[in-house]
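Before any comments, here is the structure.
The values are calculated or read from the model by the stated rules, or taken from the named source; none is laboratory data. Computed from a predicted model, the values in this text were never measured in an experiment. Note: ideal-geometry Cβ built from the backbone for every residue, glycine included; neighbour counts use all protein chains shown. The accessibility values were calculated without ligands, DNA or RNA, using every heavy atom of the protein model including side chains. Shrake-Rupley method; radii C 1.70, N 1.55, O 1.52, S 1.80 Å.
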Amino acid sequence: MLVVKNLKCEYLENPIGIDKINPRLSWQIISDKRNVKQQQFQIQVATDEEFKNIVWNMHTFSEKSIHIPYEGAPLESRMRYFYRVKVWINKEEESDWSNTCFWEMGLINTSEWKAEWISLKDQKINEDFKARAPFSCFKNFTINKDVKKAVVYVTSLGVYELYLNGKRVGEDYLTPGWTDYNYRIQYQTYEVSDLIKAKDNKLNATIGEGWYSGYLGWTKRKDTYGSKNALLLQMYIYYEDGTSEVIASDESWKEENCNILMSDIYNGEIYDAREKEEASIDSNLIIVPYPKTHLIAQENEPIRIQEEIEPLSIFKTPKGEFVLDMGQNMAGFVRFKIRGEKGQKVTLIHGEVLDKEGNFYRDNIRDAAQKVTYICSGNEEEIYEPHFTFQGFRYVKLEGFPKDIKPSNFTGVVLHSDMKPIGSFETSDKKINQLQHNILWGQKGNFIDVPTDCPQRDERLGWTGDAQIFARTACFNMNAAPFFSKWLKDLSCNQMSDGAVPFVVPDILKGTFADGIGLTTAGWGDAAVICPWTIYQCYGDENILIQQYDSMKNWINYIRNQGNDEYLWDTGLQLADWLALDNEEGSFFGATDGYLVSTAYYAYSTGIFANIAKILGKFDDYKLYNQLYASIKEAYINRFYDNEGNLTSETQTAQVISLYFDLVPEKYKERIAKRLVELIEKKNMHLDTGFLGTPYICHVLSDNGYEDVAYKLLFNTDYPSWLYQVERGATTMWEHWDSIKVDGSFWDIGMNSFNHYSYGSVGAWMYQNIGGIDMAEAGYKKSQIAPKLSEKLSYTKAALDTMYGKISVSWEIIEDKINMNVVIPHNTTSRITLPKVKNIEKIKKYIIEAYNEKRLHIDLTNGLSETYIDTDFGFEIFGDNISFEIGSGSYNFSYEYTPI
Ligand code: BGC
């Protein structure tokens, strides 16, 4: 059996609305064999499903099966292209053609936009919130011929919902998504052939403020990108007779009533269901002379409903308020059913936690009202969900609802970017599983079109530091490549002329914030280098390196230009180990020397950049930046170590980042690692790291022989630890280790989120060390399987759907044996390390036996001899670990182990 499956174009299955001129194709190989390696492939691309009109036919000897760029005849706007793939593996075994898949081009050139931006002359203002009311507009049109296909291209200055003949077009929310609209505005493409009716048709849209002109940031900033919301739409109707027609937004559209009186990302929505939708009004519509040159096709997966949650309960608090408990801190909105009197007003106010007394609490949400008000129409049962807003919440205070309203009248609707879930992780320990759950929900709540710090308070911004800290973990849980690729383009656009990377992307702080404090900071700005690098490593995507190359280089050059010493970054504001616990109580800043942190990141990013230059074949840059890296490292060592080889900053984080970023001279490595353990011991075996130390503390311990200490930190349940919040009932990650203090009180209301993914960055370590799945060559072309055992765990199951297929590792301890199952995707190889092998001789024998019985197929030209160390197999034995290379396929290893 040999099948080519899971064909993707730009990571997507049969996408429509692509504007890339060389879209990239990927596939996976399915076979019941082992050691499957692709040797040749053939791709055919045609404009018809029968492949009569072929525009690209490529047959080549190549192992490459991911991200193959289309290189045929120039692609035409709006055209659908069909493609299929076949492969040859091993000794010329040939597959059949894969199933036929397709992609469809969008509007490639902005000059193709004939539609006009339409808006209202005067948008109504909601006085309570000083916000523009959304408006609705429509166009009736008649169809007299048989329709073959209809496709609509649509976007807005603001956020929009589109309907055709009363049916919602597409399943996307908060479109066109958030980009820096000064440079880039995405449009969406929907095929609407099924929604078109024979004769009379009606297209209508509602447009709200969204990120374009709504409130953004804690300074009550509004109208960041403009003060007029507008719609732009162009629909192509293709008839059976070969003709076509275009319906576009223009002066012929009319305004109609809109029941939404206010809708704002932070503040929520007010909806008056009483007004009659059909009532005619004096149209106030105008054409807005806004450019169309910034229009681009949708780049990442749009925001969609991901799941719907049934609430746990409705209860009365000690204060006598009625509160709905979703049982899960989430981002999205509540949909509800109600039978109310005409004019009856109900409100929902959203919060994340209850206070010590069990009362509804929302002070930490600051100035985001998160309030939804609905005025009933008085008709039978009404079902309502808000339109242009989302809330971060677990608890909802209900006002004005009938006393006997049931939890089943409410549904929690979870929204986030529709990224494909690719990872799974489970252990025998319930609390660790809950931690994984909380990390995953931190991602769900904060991957709403841009990577945000939190989804509830008046922030929800693309904080660069948070994003880079969490990126590696994010890439385990979901395919985050298109998501980051889009966001990183905005990062490049927002980079200042000197290369500085702003705190948040899209940069809404420009000009309003940071008076007297710097405009960038290490560890945050380094997202410019670390995020693309992470995406490249996890998905083998070289394009992102090309796309971000100048941005990365500009960032490094920016740092180089700071201060007097080009090899140190010792100027300006450094947030450094933000929220670490090693400073005085209540401080946002950790105790680690900010300039040690900034110089360490400078070295780290420069080292990565030099490597990238090498990968892309830019050898002059490679030489230059590799030399720069060596000089920074030297300067770091001179500046931040004393004569005995101790770091001048006596903090856990200083030791952690020095080790992780390889800034410790070989001769001091043992001592620095030991020092880290001493500092942990000093805290009674607890961490006290903040944003920048936390992601790496367990890695550094595992990599330097202190696996037991890493596990100790992970399994701690008292403050401060990851499981402290789990024990306190958290369902997402907290911003502070002590968001809820031991005495039950809260951290200061000024900054206390219960859905902040940064400390969830331990997730990558969990996949890599407990599950044992890691990347050895970009995209997992070669993986590394090396689970590390703990006496606290009796089993673990981890899996990761890579670009090549699924890697899975599960291990279980049964009495004195370890039983491990491993699956390696075809067209990849792996280096596997079996841990805690009791009797190396026995395991050697086991492997030979298994090999002979064909339970373990390894492509070994010379066979497996007794002297196998350093053979093609790559056997290595260190301590009680045995490690060797394997090809693709499924394996089972079962052996006696040395108890931990
Ligand atoms: C955000 C953080 C961010 C920090 C930096 C906070 O308000 O929520 O996560 O990184 O500011 O100053």
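Of note:
- Condition check for residue 63: assigned by TED's automatic domain parsing to the domain that holds residue 196, in contact with a strand residue (DSSP E or B) (Cβ under 7 Å, 6 or more places away or on another chain) and of a type in the set (Asp, Glu): no
- Flag for residue 480 being under 17 Å from residue 556 (Cβ atoms) and touching a helix residue (DSSP H, G or I) at 6+ places or on another chain (Cβ under 6 Å): no
- Pairs where the first residue, in segment 213-229, is closer than 12 Å to residue 264 by Cβ and the second is in a loop (DSSP other than H, G, I, E, B) and among the hydroxyl-bearing types (Ser, Thr, Tyr), C-beta under 6 Å, 6+ apart: 213/227; 215/266; 216/224; 222/215
- Selected residue (criterion: nearest to residue 533 (Cα to Cα)) from residues of segment 603-627 that are among the aliphatic types (A, V, I, L, M) and open to solvent by 10 Å² or more (accessible area, probe 1.4 Å): 608
- Selection status of residue 511, closer than 23 Å to residue 657 by Cβ, at pLDDT below 95 and open to solvent by 10 Å² or more (accessible area, probe 1.4 Å): no
- Selection from segment 252-280 of residues that are open to solvent by 40 Å² or more (accessible area, probe 1.4 Å) and either at pLDDT 95 or above or part of a strand (DSSP E or B) (or both): 252, 254, 261
- For segment 618-645, the tally of residues that are without any contact (Cβ under 8 Å) to a residue 24 or more places away in the chain, assigned to a helix (DSSP H, G or I) and of a type outside the set (Asp, Glu) stands at 8.
- Condition met for residue 145 (among the basic types (Lys, Arg), open to solvent by 30 Å² or more (accessible area, probe 1.4 Å), more than 23 Å from residue 222 (Cβ to Cβ) and part of a loop (DSSP other than H, G, I, E, B)): yes
- Some residue of segment 76-88 being open to solvent by 60 Å² or more (accessible area, probe 1.4 Å) and within 30 Å of the chain's Cα centre (by Cα): yes
- Residues in segment 351-372 that are within 29 Å of the chain's Cα centre (by Cα), of a type in the set (Lys, Arg) and more than 22 Å from residue 402 (Cα to Cα): 362, 366.
The rows are residues; the columns are (1) touching a helix residue (DSSP H, G or I) at 6+ places or on another chain (Cβ under 7 Å); (2) away from the ligand (no atom under 16 Å from the Cβ); (3) at pLDDT below 95; (4) farther than 30 Å from residue 447 by Cα.
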| site | (1), (2), (3), (4) |
| --- | --- |
| 189 | no, yes, no, no |
| 200 | no, yes, no, yes |
| 210 | no, yes, no, no |
| 218 | no, no, yes, no |
| 244 | no, yes, no, yes |
| 248 | no, yes, no, yes |
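- Residue 125 more than 30 Å from residue 76 (Cα to Cα) and hydrophobic (A, V, I, L, M, F, W, C): yes
- Residue that is farthest from residue 323 (Cα to Cα) [pool: residues in segment 334-350 that are touching a residue at least 60 places away in the same chain (Cβ under 8 Å) and within 28 Å of the chain's Cα centre (by Cα)]: 335
- Wholly enclosed strands (runs of 3 or more DSSP E) of segment 365-410 bearing at least 3 residues open to solvent by 20 Å² or more (accessible area, probe 1.4 Å): 391-399
- Only one entry of 528, 481, 522 meets the criterion of being among the small types (Gly, Ala, Ser), surrounded by 22 or more Cβ atoms within 10 Å (Cβ to Cβ) and within 20 Å of residue 800 (Cα to Cα), and that entry is 481.
- Selection status of residue 110, closer than 30 Å to residue 224 by Cβ, of a type in the set (S, T, N, Q), in contact (Cβ under 8 Å) with a residue 60 or more places away in the chain and open to solvent by less than 10 Å² (accessible area, probe 1.4 Å): no
- Filtering segment 787-804 to residues that are in a strand (DSSP E or B), of a type in the set (Gly, Ala, Ser) and surrounded by fewer than 21 Cβ atoms within 10 Å (Cβ to Cβ) leaves only 799.
- Cβ pairs under 6 Å, 6+ apart, first in segment 169-181 and more than 17 Å from residue 418 (Cα to Cα), second open to solvent by 10 Å² or more (accessible area, probe 1.4 Å): 180/493; 181/225
- Scope segment 571-584; condition more than 26 Å from the chain's Cα centre (by Cα) and touching a residue at least 60 places away in the same chain (Cβ under 8 Å); matching residues: 581, 582
- Verdict on residue 861 being polar (S, T, N, Q), modelled with pLDDT of 65 or more and in the same structural domain as residue 820 (by TED's automatic domain parsing): no
- Flag for residue 430 being surrounded by fewer than 21 Cβ atoms within 10 Å (Cβ to Cβ), among the charged types (D, E, K, R) and outside the structural domain of residue 326 (by TED's automatic domain parsing): yes
- Residue in segment 340-362 that is in contact with a Ser or Thr (Cβ under 7 Å, 6 or more places away or on another chain), surrounded by 17 or more Cβ atoms within 10 Å (Cβ to Cβ) and assigned to a loop (DSSP other than H, G, I, E, B) present: no
- Summed over segment 154-189, the residues that are in a strand (DSSP E or B), aromatic (Phe, Trp, Tyr) and either open to solvent by 30 Å² or more (accessible area, probe 1.4 Å) or farther than 25 Å from residue 488 by Cα (or both) give a count of 1.
- Of residues in segment 429-451 being polar (S, T, N, Q) and in contact (Cβ under 8 Å) with a residue 12 or more places away in the chain, the one nearest to the ligand (Cβ to nearest atom): 446
- The set of residues from segment 769-786 being outside any loop (DSSP other than H, G, I, E, B) and open to solvent by 20 Å² or more (accessible area, probe 1.4 Å) comprises 774, 775, 776, 777, 778, 782, 784.
- All positions within segment 562-602 that are among the acidic types (Asp, Glu), open to solvent by 40 Å² or more (accessible area, probe 1.4 Å) and within 14 Å of the ligand (Cβ to nearest atom): none
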